[in-house]
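The values are calculated or read from the model by the stated rules, or taken from the named source; none is laboratory data. Fair warning: this is a prediction, and the values are worked out from it, not measured in the lab. Neighbour counts run over all protein chains shown; Cβ positions are idealised from the backbone, glycine included. Heavy atoms of the whole protein, side chains included, go into the accessibility calculation; ligands, DNA and RNA do not. Shrake-Rupley method; radii C 1.70, N 1.55, O 1.52, S 1.80 Å.
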Amino acid sequence: MKRQTVIKAGRHTFVALAVFLAVGWLAFVPSAKEPPYQFVSAWGEKGSGTGQFSAPGGVAVNRNGELYVADFYGQRVQKLKADGTFIREWGTPGRTGHAIGQFHYPTDTALDQTENIYMADGYGNRIQVFGPDGTFLRKWGGPFARGIYGPFNGWFTAVTSIAVDSQGNLFAADFYNNRIQKFAADGTFLTTFGAKGSGPAQFNHVSAVAVADDGTVFALDFGNNRVETWRAPKP
């Protein structure tokens, strides 16, 4: 057999094999059961003005469709309408602080059933709570909630994510303390779970938390690249 014929046959075989593998691989790709979502709009840009952001992080949406956005480097939380129209803000753009309504790199926001807004003051190591009208209600985290970090109950070392359950309890991801802390709505410390490590019930920095309707807690184990599931003990 001539060399050119062998090369040509080899090419045909290679193409056929590639097609076969491609078709076979597609068998593992599920088809869509719904049409794709349609893009509606985009708004915001880098900056310190109203409706602008500098590394936005967590977001919560109230019943009216209004958003509360944690603006990480902007050192503020902005409230905006669904179309991006600015409503109000907490914090001073670009300036850190530990007074009421100021932030040291805010990371997340969450709402309870009465639409009180909880704000995770990430490296301020505290939680701040405001009413639906924006009135300050309370704060907690370390001595006087003034940014002091630590490993003790009710203290934080970078709170990176928060979630509120159906009973109004707040769960906070305590990043460098490798744990989740649970608080009552008034800030009363209830319990903590997790420890540093890579085994079961351990974290290598916990980065996010969410709570299902049945009370199941899901936590992202940042350094161990996994999701952990937790439930309250049965009475």
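A compact table of results
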read-out: Selection within segment 66-83 - open to solvent by less than 20 Å² (accessible area, probe 1.4 Å) and out of contact with any Asp or Glu (no Cβ under 6 Å at 6 or more places or on another chain); value: Tyr68, Val69, Asp71, Gly74, Gln75, Val77, Leu80
read-out: Residue within segment 207-216 that is buried (at least 19 other Cβ atoms within 10 Å of the Cβ) and either free of Cβ contacts under 8 Å to residues at least 40 places away in the same chain or out of contact with any Leu (no Cβ under 8 Å at 6 or more places or on another chain) (or both) present; value: yes
read-out: Residue tally, condition of a type in the set (A, V, I, L, M, F, W, C) and open to solvent by 10 Å² or more (accessible area, probe 1.4 Å), over segment 91-109; value: 2
read-out: Condition met for Ala60 (under 22 Å from Ala173 (Cα atoms) and surrounded by fewer than 17 Cβ atoms within 10 Å (Cβ to Cβ)); value: no
read-out: Tyr118 under 16 Å from the mean Cα position of the chain (by Cα), in contact (Cβ under 8 Å) with a residue 12 or more places away in the chain and open to solvent by 10 Å² or more (accessible area, probe 1.4 Å); value: no
read-out: Some residue of segment 143-160 being closer than 24 Å to Arg76 by Cα, under 16 Å from the mean Cα position of the chain (by Cα), in contact (Cβ under 8 Å) with a residue 60 or more places away in the chain and surrounded by 13 or more Cβ atoms within 10 Å (Cβ to Cβ); value: no
read-out: Selected residue (only one of Ala219, Ala195, Ala201, Ala184 is surrounded by 17 or more Cβ atoms within 10 Å (Cβ to Cβ), small (Gly, Ala, Ser) and modelled with pLDDT of 95 or more); value: Ala219
read-out: Residues within segment 224-235 that are surrounded by 11 or more Cβ atoms within 10 Å (Cβ to Cβ), without any contact (Cβ under 8 Å) to a residue 24 or more places away in the chain and in a loop (DSSP other than H, G, I, E, B), tallied; value: 1
read-out: Boolean, Ala219 is within 18 Å of Thr109 (Cα to Cα), in contact with an Asp or Glu (Cβ under 8 Å, 6 or more places away or on another chain) and not β-branched (Val, Ile, Thr); value: yes
read-out: Residue selected from segment 179-210 under the condition among the hydroxyl-bearing types (Ser, Thr, Tyr) and part of a strand (DSSP E or B), by the criterion farthest from Gly141 (Cα to Cα); value: Ser207
read-out: Filtered residues of segment 121-138 (kept if open to solvent by 10 Å² or more (accessible area, probe 1.4 Å), of a type in the set (D, E, K, R) and within 17 Å of Gly97 (Cα to Cα)); value: Arg138
